[in-house]
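Data block below; observations after.
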Amino acid sequence: MSRPGPVAQMRRGAWRTLRRLTPASGSPARGVVAGFAATIIVGTVLLMLPVASERGEPTDIVASVFTATSALCLTGLAVVDTGTHWSTFGEVVILALVQAGGLGIMTLASLLGLLVSRRFGLRMELTAQSETRSLQLGDVRKVVVGVISLSIVIEIVVAVVLSTRLMLGYGYRFGDAMYSGVFHAVSAFNNSGLALYSDSMMRFVDDPWITLTIACAVLTGGLGFPVLFELGRRLRRRHRGRWSLHTKITLITTGALLVVGFAFIAVSEWDNERTLGVFGVPTKLLAAFFAAVMPRSGGLNSIDTGDMTATSLLAQDVLMFIGGGSASTAGGIKVTTFALLAFVIIAELRGEPTVHVMGRRLSDGVQRQALTIALLSAGLITVTTMTLLTVTDFSLDAVLFESISAMATVGLSTGITPHLPPTAQLLLTLLMFIGRLGPVTLGAALALRERPRRYERPKERPIVG
């Protein structure tokens, strides 16, 4: 038996060292899960305080834990109205949870370690790598600083545009305009779907300054930091080299889904008097574009989602399930997962023994990972939908939409979430938590130990189909 190469030996040594350093957590994935869970608990306690509600009364634990999870997991589903139920203190807590969820709990911890000790230990690097999906340990420090810097810059730009428009176009006072602008800038870029207005963005349906700015922020946050970093490097250096496979897949698939979603929603809702039918052509096109962007995990809406046709709801179900880019603030199975599965199907239909994508061959491990993520997500959505149908009287369209929205951390809703029984709301809370961390990450966090295969058994091919 041949000995493992130097890279494999270093990898195994790193994991052995990590286990010795972290006997309680056992893996970076568990640290990420523990960090998110602890933050949700803190957020729940803060939201339960009387000072967090507008009436000065304690909020019940189900509503508090649901809101804290929805904010930290960047979902946007709500059981109480964000703008009227929560006080300024409660809204600031929610905003802090959204920002923490977008940057990543472990990314913030990594930055703190960098500022204090000026160096990363192995445990901190692996934990940050698990959260930011960076490819090499040496890149973690650069990724952490870049994520925070890029997020702050984009959020400031979006907040300035929104605040200026609210002051000049709607007569907001400076303080109110800045507060609303910052809140919705952070919410949009982090794809959280939370808004201070009871009708989300419906009051701005015909305002391109508001809706297009928010849509652009959602798209930017949903591309993923690896793609944004590569785009930034090319803009700065005017580099004309080869694009990475990940960036090409993300940009092409995102563009294609956006065009298809826009066309489908526009056609389906064009004459619907409860949505687009009451507007002129420019507003119809603007609202259809906004509605096509939001299912990728934006979660805001400028037309009433509950009044959309069953065809449009099904189209949004598909778009929400796919979601945004990998290592982004968006949820879903990710556009790269969807695209890779499509290439796998094409290769199988052609009878090709290997899968090739844009001049590159996909490894078997990547194919298995994409299939695992898609099937686990579909399974969780199916189980949740069946459970909600059992404990409620809502239709399949509404329940399925809500389940996918929670799993894909989107936040779009047909309006049934506040009317669900507490058990159903807690089920959606768990689904949002799983959807933010990802089935594979959660599975790795719960696994007791790695079990490398020491041998292979004889190959046999069962009948398929």
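The values are calculated or read from the model by the stated rules, or taken from the named source; none is laboratory data. The structure presented is a predicted model; accordingly, all values stated were derived computationally and were not measured. Positions of Cβ are backbone-derived with ideal geometry, glycine not excepted, and every protein chain shown enters the neighbour counts. For the accessible areas, the whole protein counts, side chains as well, though only heavy atoms, and no ligand, DNA or RNA atoms are used. Shrake-Rupley method; radii C 1.70, N 1.55, O 1.52, S 1.80 Å.
Computed quantities for the displayed model
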{"item": "Cα-centre dipole for the range 217-366 with unit charges at Cβ (Lys and Arg positive, Asp and Glu negative), debye to 20", "result": "1240"}
{"item": "Exposure ranking of TRP243, TRP209 by accessible area [1.4 Å probe, largest first]", "result": "TRP209, TRP243"}
{"item": "All Cα pairs of the range 198-292, percent lying beyond 14 Å", "result": "71"}
{"item": "Candidate aspartates and glutamates for bridging to LYS334, where Cα separation is under 20 Å - those fewer than 8 sequence places away on the same chain excluded", "result": "GLU131, GLU230, ASP317, ASP364, GLU402"}
{"item": "Computed accessible area, ASP81, all protein chains, 1.4 angstrom probe, square angstrom", "result": "50"}
{"item": "Burial ranking of peptide ranges 69-79, 43-53, 165-175 (average Cβ count within 10 Å, highest at the top)", "result": "69-79, 43-53, 165-175"}
{"item": "5 angstrom amide H check on LEU77, placed H, neighbours 5+ away", "result": "GLY411"}
{"item": "Protein-only accessible surface order, largest first, of HIS419, HIS184, HIS356 at 1.4 Å", "result": "HIS419, HIS356, HIS184"}
{"item": "Rounded FRET efficiency, nearest 0.05, which uses the C-beta distance separating ALA37 from ARG368 and R0 of 30 Å", "result": "0.60"}
{"item": "For the range 29-76: relative contact order, % (alpha-carbon pairs under 8 angstrom, 6 or more apart)", "result": "33"}
{"item": "For SER53, distant residues with modelled amide H under 5 Å away", "result": "SER87"}
{"item": "D_trans [Stokes-Einstein, Kirkwood Rh over alpha-carbon pairs] for the range 336-434, 4 °C, 1.567 mPa s, µm² s⁻¹", "result": "85"}
{"item": "1.4 Å probe accessible area per residue over the range 206-361, in Å²", "result": "46"}
{"item": "Rounded to whole Hz, the Karplus (6.51, -1.76, 1.60) HN-Hα couplings of the range 146-153, x for glycine and proline", "result": "x, 4, 5, 5, 5, 4, 5, 4"}
{"item": "³J(HN,Hα) computed for each position of the range 295-308 - Karplus, 6.51 cos²θ - 1.76 cosθ + 1.60, integer Hz, glycine/proline x", "result": "x, 6, 2, x, x, 8, 9, 10, 10, 5, 5, x, 9, 6"}
